Protein chains: 2
Amino acid sequence: MRGTHPLRQRPIGVFDSGVGGLTVVRQLRRLLPAEDLIYLGDTARVPYGTKSPATVERFACEDALFLARQQVKAIVVACNTASALALATLEEKFALPVFGVIAPGAHLAAKQSRLGRIGVIGTSSTIRSGAYARAIHRERAAARVFATACPLLVPLVEEGWLHEPVTLDVLRRYLAPLQRARIDTLVLGCTHYPLLKPAIRKVTGEDVRLIDSAQSCAAHVRDRLGALELLAKGRRRAGVIQPYVTDEPDRFRAAARRFLRVPAREPLHVELPALPSGFGPAQWK
Amino acid sequence: MRGTHPLRQRPIGVFDSGVGGLTVVRQLRRLLPAEDLIYLGDTARVPYGTKSPATVERFACEDALFLARQQVKAIVVACNTASALALATLEEKFALPVFGVIAPGAHLAAKQSRLGRIGVIGTSSTIRSGAYARAIHRERAAARVFATACPLLVPLVEEGWLHEPVTLDVLRRYLAPLQRARIDTLVLGCTHYPLLKPAIRKVTGEDVRLIDSAQSCAAHVRDRLGALELLAKGRRRAGVIQPYVTDEPDRFRAAARRFLRVPAREPLHVELPALPSGFGPAQWK
C-alpha cells in the first residue's frame, strides 16, 4: 500500500492559540506514533478564549494558512475556542481535511451520558458561542446542556497551581451550578483542562464522567484519517514533532514539557503570513 | 498664550495591551480635564505580560505608530509591561515625548518609603525585566527591592472578583514573601491592580504604603507636559476621550465602564499598521 497515496507521508498540522493544544498532540502521538506532527502555537497572541468571533476567525485562518504552506495533509484545530468560532470557515477556505475538538467531545458526551444531563466548561468565547450545546443536541436532541465559562482555569494551569486549595475553591465555585443541575457528564471544553483532571475529580466526585476533548479529538483524527487512507502506514521510524511559535520559543519550552510530556524537536520562531487579499474558499492545499 | 504652540491643541495618545491602561486615562482626566485623549487598547493581542521582550517591543512600536499617525502631541505607555520592555526603543524611534508608568511609580516609592524596603508586584514580564528595581535604585541606591510576579491578578480583576475570598487567598500567597521581607511600601506595578486596592489593603494592613502607578504616571505627565508648554491651556470645553481597540469593541465597553468610570466616546475598531521596513530612529512625529 505504501506510496499509493502521496499525501500519506506528509505531516499532520495542529494549531492552538498557545500551549494547550499540546495535550492534543500528546494524544495524537499516543494513538499515531508513526505520524510526523507540525504544531503551531500562536503564543504572541494567546489567548483566543477572551476574544471576539471575528478576531478568532482571522487568527485561525492565518494559523491554518501557515500549516497549509508547510504541506500538511490535514489540519487539527487543537483549540476549543477556534473550533467553536472558526471551524466552518476553515473547512470552506482550505481544501484539506480539517478536524476540530468540539464535535468528537460532544459525540462522546452525548453517547456516554446516562441521564442526558451534560455539563460543559470552557473559555468565555467557547461557551458564549453555544457550539458544544449545538453539537450535543445534534447527537441527542433531548439532552440538557449546562455550560459555564471558567476564565480563571487557564491562568491557574499556566501558573502551575494544579492541586492548590485556591484552585479547588475556584473549581467549586464554577462547578456549583452544574452540580446543582445534577449533571452526570462533564465536558472539559478547553485543552488546558486535562491538567486539572485530578482537582476536578475531587470536586465532582466519582459519579460524574469527565470527557477529555483532547483524547476524543485524537481518536476522531485517527479514525477519519484511516477512513481517508491518509495514515502514514508502513513507516518503521517514530514520527517527529516540530513545534513553531509566534512569540519567542524560550518560555514555550518549559510549558511544552508539562503539556506534551513526549520528546519533540526544538521549537522554532515564525512570523505568520498575512491573509492574501481576496482570501477565497478552498484555495489553499 | 493660546496658539503660541500649535502642538498644544493636539490630543495626548495613550496605549495599553487592553483595558488596564484606562486606569491611567482616568487619572489623566482627573488631573487634566481639558485635554483630548486618544486611547488605544490592543485587545486582539492582550495580554503583553506573559510575552517575550522582542514581541512586546514590536507590539508597542505598532501601537505607538498608530497614535503618532493620529497626530498626538505625546505618547503615554499606560502598560507596565510595555514600559518595562519597550520605553527606550519608543523614545529612540519616535520624535515625541514618551512617558511610561514605571519611572514615576519608582520615584514615588523611593521617596516615600521610610525604611527603603520596597515591594513590587506586576506581570511575569514586568518583574522578569527588573525595570522597577533598576528605576528605584537610580533614585535610592541603598533601597532593598522585593519583586514578585502575580500572573493570576489580571484574570481575577477581569473576572470581576475584586473582593472574593479566593482573591484574598491568592493575594495572601503572592504577598507572603514580601511581608516576610518586612516591606513598608508596595508598588502596584500593573494598571489592573488599582481595582484590587481594597483587597490588597486587607492583606497588607495599614502599615504598608501602596503606590498606584496609574496615579503617579498621570501626575508625571501633567508636570512634564506643563514644563514642555504642551498643555492645552485656555480651553473651556471638557476634553474628549476617544478609545480605539484592535478586537471588536463590544466587550471593551463593559470593561471600560469598570476601569474608566468617566464618559468616553464609543470605541472604534482599528487594524494596526505594520511597521514600515527599515523602521528607524526618531522618524515618526
Among the listed residues B:117, B:182, B:128, B:138, identify the single one that is within 21 Å of residue B:82 (Cβ to Cβ), more than 14 Å from every other protein chain (Cβ to nearest Cβ) and either modelled with pLDDT of 95 or more or open to solvent by 10 Å² or more (accessible area, probe 1.4 Å) (or both). B:138
Can you find, within the range A:38-56, the residue that is surrounded by the most Cβ atoms within 10 Å (Cβ to Cβ) among those that are more than 8 Å from chain B (Cβ to nearest Cβ) and among the hydroxyl-bearing types (Ser, Thr, Tyr)? A:39
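Of all residues being assigned to a loop (DSSP other than H, G, I, E, B) and open to solvent by less than 20 Å² (accessible area, probe 1.4 Å) in the range A:185-209, which is nearest to residue A:118 (Cα to Cα)? Just the residue, please.
In the first step, residues of the range A:185-209 are kept if they are assigned to a loop (DSSP other than H, G, I, E, B); the result is A:189-192, A:205-208.
Then drop every residue that is not open to solvent by less than 20 Å² (accessible area, probe 1.4 Å), which leaves A:189-192, A:208.
Values: A:189: 12, A:190: 16, A:191: 18, A:192: 20, A:208: 9 Å.
Residue satisfying both the conditions and the ranking: A:208.
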Within the range B:210-230, count every residue that is surrounded by fewer than 22 Cβ atoms within 10 Å (Cβ to Cβ) and not in a helix (DSSP H, G or I). 5
Determine whether the range A:231-244 contains at least one residue that is at pLDDT 95 or above, surrounded by 15 or more Cβ atoms within 10 Å (Cβ to Cβ) and charged (D, E, K, R). no
Out of the range A:247-266, which residues are part of a loop (DSSP other than H, G, I, E, B), charged (D, E, K, R) and either open to solvent by 50 Å² or more (accessible area, probe 1.4 Å) or more than 10 Å from every other protein chain (Cβ to nearest Cβ) (or both)? A:248, A:261, A:265, A:266
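This table checks each residue for (1) at pLDDT below 95; (2) more than 14 Å from chain B (Cβ to nearest Cβ); (3) part of a helix (DSSP H, G or I).
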position: A:19; (1), (2), (3): no, no, no
position: A:27; (1), (2), (3): no, yes, yes
position: A:71; (1), (2), (3): no, yes, no
position: A:85; (1), (2), (3): no, no, yes
position: A:91; (1), (2), (3): no, yes, yes
When the residues of the range B:57-69 are narrowed to those that are among the hydrophobic types (A, V, I, L, M, F, W, C) and crowded, with 24+ Cβ neighbours inside 10 Å, which ends up farthest from the other protein chains (Cβ to nearest Cβ)? B:67
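Let's see how each residue does on (1) out of contact with any Lys or Arg (no Cβ under 8 Å at 6 or more places or on another chain); (2) of a type outside the set (D, E, K, R):
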{"site": "B:226", "(1), (2)": "yes, yes"}
{"site": "B:247", "(1), (2)": "no, no"}
{"site": "B:250", "(1), (2)": "yes, no"}
{"site": "B:262", "(1), (2)": "no, yes"}
{"site": "B:269", "(1), (2)": "yes, yes"}
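Filter the range A:29-47 for residues that are among the aliphatic types (A, V, I, L, M) and in a loop (DSSP other than H, G, I, E, B); which is nearest to the chain's Cα centre (by Cα)?
Ranking the candidates gives A:46 first.
Within the range B:206-215, is there a residue that is over 17 Å from residue B:72 (Cα atoms), in contact with a Phe, Trp or Tyr (Cβ under 7 Å, 6 or more places away or on another chain) and at pLDDT 95 or above?
no
So which residues in the range B:89-114 are open to solvent by 40 Å² or more (accessible area, probe 1.4 Å), over 14 Å from residue B:210 (Cα atoms) and out of contact with any Phe, Trp or Tyr (no Cβ under 7 Å at 6 or more places or on another chain)?
First, pick out the residues of the range B:89-114 that are open to solvent by 40 Å² or more (accessible area, probe 1.4 Å): B:91-92, B:95, B:103, B:107-108, B:111-112, B:114.
Filter once more, so that each one left must be over 14 Å from residue B:210 (Cα atoms): B:91-92, B:95, B:103.
B:91, B:92, B:103, listed by residue number.
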Could you list, in sequence order, the residues of the range B:155-179 that are open to solvent by 50 Å² or more (accessible area, probe 1.4 Å) and assigned to a loop (DSSP other than H, G, I, E, B)? B:163
Read through the list (1) surrounded by fewer than 23 Cβ atoms within 10 Å (Cβ to Cβ); (2) in contact with an Asp or Glu (Cβ under 8 Å, 6 or more places away or on another chain); (3) away from every other protein chain (no Cβ under 14 Å), then give the number of the only condition that residue B:79 fails. (1)
Given the criteria within 14 Å of chain A (Cβ to nearest Cβ), within 24 Å of residue B:256 (Cβ to Cβ) and touching a helix residue (DSSP H, G or I) at 6+ places or on another chain (Cβ under 7 Å), does residue B:151 qualify? yes
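The values are calculated or read from the model by the stated rules, or taken from the named source; none is laboratory data. None of these values were measured; they are calculated from a predicted model. Cβ sites come from the backbone with ideal geometry, for glycine too, and all protein chains shown count toward neighbours. Ligands, DNA and RNA are stripped out before the accessible areas are found, and what is left, the full protein with its side chains, is counted by its heavy atoms. Shrake-Rupley method; radii C 1.70, N 1.55, O 1.52, S 1.80 Å.
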